[in-house]
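The values are calculated or read from the model by the stated rules, or taken from the named source; none is laboratory data. Given the structure is predicted, the values throughout are model-derived calculations rather than measurements. Virtual Cβ from ideal backbone geometry, glycine too; neighbours counted across all protein chains shown. Accessible surface is based on the protein model in full, side chains and every heavy atom, while ligands, DNA and RNA are left aside. Shrake-Rupley method; radii C 1.70, N 1.55, O 1.52, S 1.80 Å.
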Amino acid sequence: METGNPQNERRDCAVVIVGAGPCGLMLAIELGRRGISTVVLEERAAPSRFPSANATQARTMEHYRRLGFAEKVRAQGLPPDYPTDIAYFTRYTRHELARFSLPSSREARMIVRTLSGSWSAAELPHRVSQIFVEDVLRAEAGALAPVKLLPGWRMRAVRDVGYGVEVDAERSDGRQFVVLRAGFAVGADGGGSPTRKSLGYNLMGERGAERDFMGGRMFAIHLRSARLYDAMPHPRAWMYWTVNRDRRAFMASVNGRDEFTFHTQLNRDEHPNQISDAQARAMFQQAFGARLDVEIIGRSTWTAGYTLVAEKFQRGRVFLGGDAVHLFTPAGGLGYNTAVEDAVNLGWKLAAALKGWGGAALLGSYEFERQAIARRNTAYARGFADSLGLFVPPAELEDDGPAGEAARKLTGDHFNYHARFEFNIPGITFGGRYDGSPVIVSDGTAPPKDVPNEYVPTACPGGRAPHLWLGDDRSLYDALGFEFTLLRLGARPADAAPFEAAAQALKIPLATVDAADAEARDLYDADLALIRPDQIVAWRGNSADDAKAVLRRAVGRE
Ligand SMILES: Cc1cc2nc3c(=O)[nH]c(=O)nc-3n(C[C@H](O)[C@H](O)[C@H](O)COP(=O)(O)OP(=O)(O)OC[C@H]3O[C@@H](n4cnc5c(N)ncnc54)[C@H](O)[C@@H]3O)c2cc1C
């Protein structure tokens, strides 16, 4: 890749992002916060108001906290005292089979300070519809002076010209056309990604898995009913599932008052384009188990059964992130969260390259690090979909009498297990690792086993910096610098001077932060740890003797 601009051409911006979904918006925020001029093209003139993702994982919330807007996100969606339970029913007005009780957003804010082990974190998950999260992301990106959001503009072509990129963009109504010149382009343009297609990259893996549920064509209704809660004889929940032999479904509460999204799998003889509103309401009522008139706000179709990852995430100056490079079956709630972490990983690296302190290997590490995570996370989601969707409801499930009761007990046992398997996932959320990455300095120790439901805090380089609450009740993450941080651990701080001198010589922004507690020293099992801007441990050790080599490696200049 050429680094100069031999044509001495005027650039419109440093980075063009295609797509203003969660990935594109988060990347714009990461870049804008670093002063990188960024244009975001979004073909929709107005954002989609159809709720899709419902779960913001704890790690994503930690990144929102790092950027200063976690509280804005936590204030969105359900009321602060609304429980985020996951509950399973034969039909919504009939038998409750299983329930996993989880805290309201108000409780989550307090509980997180008392947790340790698997849930030692700065933030807990937040159950909120993607439309509300995107509103916050859009406002945050739009408020940054270096970021220009262009809704109603479609990318038509991306060309890597060696010293930069050219992006053809036209207004979605076809009335204006421009060629944008930039240093880099990023396709965050969703599952159909025109950017990925223009690079000729395929999505590899499984498409079209068939299951009793969550494997096939899905039909979704965004509905309104002020009477739904009154008509349901069960405690409130965030996510409601039905298990029966003719209408399996899930429904998420959108605002805790009167809006819900209802998703059901279509039978072979049901075709999305031929479903009238009356038929859509009948599907809902079949799952509800009673007549309830609902207003249909919107409808949508999607496919469950994807476990797909792109063969490449980058070519030259063009990068891909989010659904453009990984498609999930949304069990576990990982698609948007993985998309956000792609943006977090790429954002600081692009900025470092543009500012000159990031080396060639740094940009190359994006694909290495994120493709492995995409494979891991899509595989976990597939496992959840199997546990959920391969379960075939017993024939007697809805019968009165002992046979029905036994069938409900068996089904309840399965879903009580399943709910904790799918929705208590600190291992997935916090345990993603970049072992073997060219910009991680291994210390030869082995990381804990990667399992979905348990996270073992470790400063073994390549993973999330272990979290702790500092003496003044501050999160360690609030104390870290915005770029690299040298963490000095324990009561007798090690000499930071070699790192500070090397960082200055290499023009790498580095903050030195002390965590004097013995607990912090024990947690990190080292006197020093180098934390990346994305809060990943790049290196740990007891001496700063190799400071220059460590820093050069961590920013891809070796
Ligand atoms: C029913 C359902 C439930 C889900 N639940 C969850 C969940 O609980 N948790 C979770 O993590 N994920 C969930 N997901 C997945 C989540 O919705 C996606 O993974 C997420 O939206 C991906 O974000 P993205 O930014 O990569 O892509 P998108 O959100 O698809 O955004 C891409 C954007 O690019 C724009 N675009 C496309 N082409 C062009 C072009 N040529 N020019 C300009 N703009 C263009 C599009 O208009 C779009 O706005 C769910 C998905 C579904 C369907």
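Expressed as a fraction of 2.2 N^0.38 Å, the value expected for a compact globular protein of N residues, the C-alpha radius of gyration of the chain is 1.00. Taking the chain as the reference, fit the longest principal axis to its C-alpha atoms, fit the long axis of helix 130-142 to the helix C-alpha atoms, and give the angle between the two in degrees, 0 to 90, nearest 10. Roughly 30 degrees between the two axes.
Considering Cα pairs under 8 angstrom that are at least six residues apart, work out the relative contact order of region 449-540 and quote it in whole percent.
Working: 162 pairs, mean separation 35.1, N = 92.
Dividing the mean separation by the residue count of region 449-540 yields 38 percent.
In terms of the mean number of neighbouring beta-carbon atoms within 10 Å, the peptides 286-296, 263-273 order highest first as 286-296, 263-273. Helix-only arithmetic for the chain: the sum of -39500 (n - 2.57) across DSSP H runs with n ≥ 4, divided by the residue total, places the mean residue ellipticity at 222 nm at -9500 deg cm²/dmol. For S475, the residues whose amide H sits under 5 Å from its own are L470, ignoring neighbours fewer than 5 places away on the same chain, with H placed 1.01 Å from N. Model label points for D472 and V392, set 7 angstrom from Cα along the Cα-to-Cβ axis, are 6.2 nm apart. For the chain, the longest principal axis of the Cα atoms and the long axis of helix 22-32 meet at an angle of about 20 degrees. Legend: residue pairs K197/K312; K72/K355; K312/K507; K148/K349, Cα-Cα distance threshold 22 Å; pairs beyond threshold, K72/K355; K312/K507.
Compute the projected area of the convex hull of the Cα atoms of region 338-385, averaged over all viewing directions, and report it in nm² to one decimal place. It is 3.2 nm². Annotation: amide H of S442 has no partner in the under-5 Å range at sequence separation 5 or more or interchain, hydrogens built in the peptide plane.
Antiparallel beta bridges, as assigned by DSSP with both residues in the chain, represent about 70 percent of the total such bridges. With the contact rule set at Cα under 8 Å and sequence spacing of 6 or more, what percent relative contact order holds for region 237-392? Rounded, it is 17 percent for region 237-392. Per residue, the solvent-accessible area of the chain (1.4 Å probe, heavy atoms of protein chains only, all protein chains present) comes to 38 Å².
Under 8 Å for C-alpha pairs, at least 6 residues apart: give me the relative contact order for the chain, rounded to a whole percent.
Numbers: 1243 pairs, mean separation 88.0, N = 558.
This gives 16 percent for the chain.
Shown in residue order for region 519-536 are the 3J(HN,Hα) couplings computed by the Karplus curve 6.51 cos²θ - 1.76 cosθ + 1.60 at θ = phi - 60°: 4, 5, 4, 5, 4, 8, 6, 6, 7, 9, 9, 9, 9, 6, x, 8, 6, 9 Hz (x for Gly and Pro). In order along region 401-412, phi translates into HN-Hα couplings of x, x, 5, x, 5, 5, 5, 5, 5, 4, 5, x Hz, rounded to whole numbers, per the Karplus curve 6.51 cos²θ - 1.76 cosθ + 1.60 with θ = phi - 60° and x for Gly and Pro.
Check R248: other-chain or 5+ apart residues with amide H under 5 Å from its amide H, H built from backbone geometry? Amide H neighbours of R248: Q265. Rounded to whole numbers, the Karplus 3J(HN,Hα) couplings from phi for region 506-511 are 8, 6, 9, x, 9, 10 Hz, using 6.51 cos²θ - 1.76 cosθ + 1.60 with θ = phi - 60°, and x at Gly and Pro. Computed on region 393-511, the Cα convex hull volume stands at 190 Å³ per residue. Using only alpha-carbon positions in region 140-275, the gyration tensor eigenvalues give semi-axes of 41, 22, 14 Å once each is multiplied by 5 and square-rooted (largest first).
Here the dipole of the chain is about 1100 debye; that uses its Cα centre as origin and unit charges on the Cβ of Lys and Arg (positive) and Asp and Glu (negative). In region 54-125, one over the average inverse separation of all distinct C-alpha pairs is 13.5 Å, which is the Kirkwood hydrodynamic radius. Carbon-plus-sulfur fraction of the accessible area of the chain, 1.4 Å probe, in percent? Carbon and sulfur together cover 49 percent of it. Kirkwood's formula applied to the C-alpha pairs of region 305-358 gives a hydrodynamic radius of 12.2 angstrom.
Taking one quarter of the surface of the convex hull spanned by the alpha-carbon atoms of region 44-86 gives a direction-averaged projected area of 4.3 nm². V161 label point, 7 Å along Cα→Cβ, cut-off 14 Å on backbone N: hits in region 169-184? Under cut-off, by backbone N: 169, 178-184.
How do the peptides 245-252, 12-19 rank, highest first, by the average count of neighbouring beta carbon atoms within 10 Å per residue?
Descending packing order for the listed peptides: 12-19, 245-252.
Packing here is the average count of other Cβ atoms within 10 Å per residue, and on that basis the peptides 129-136, 116-123, highest first, run 129-136, 116-123.
Can you give the percent of C-alpha pairs in region 1-151 whose distance is more than 26 Å? Show your work: numbers first, answer last.
Values: 4622 of 11325 pairs.
Pairs farther apart than 26 Å: 41 percent.
To test your reading of the geometry: what angle, between 0 and 90 degrees and rounded to tens, separates the Cα axis of helix 277-288 from the longest principal axis of the chain? Compared with the principal axis, the helix lies near 90 degrees.
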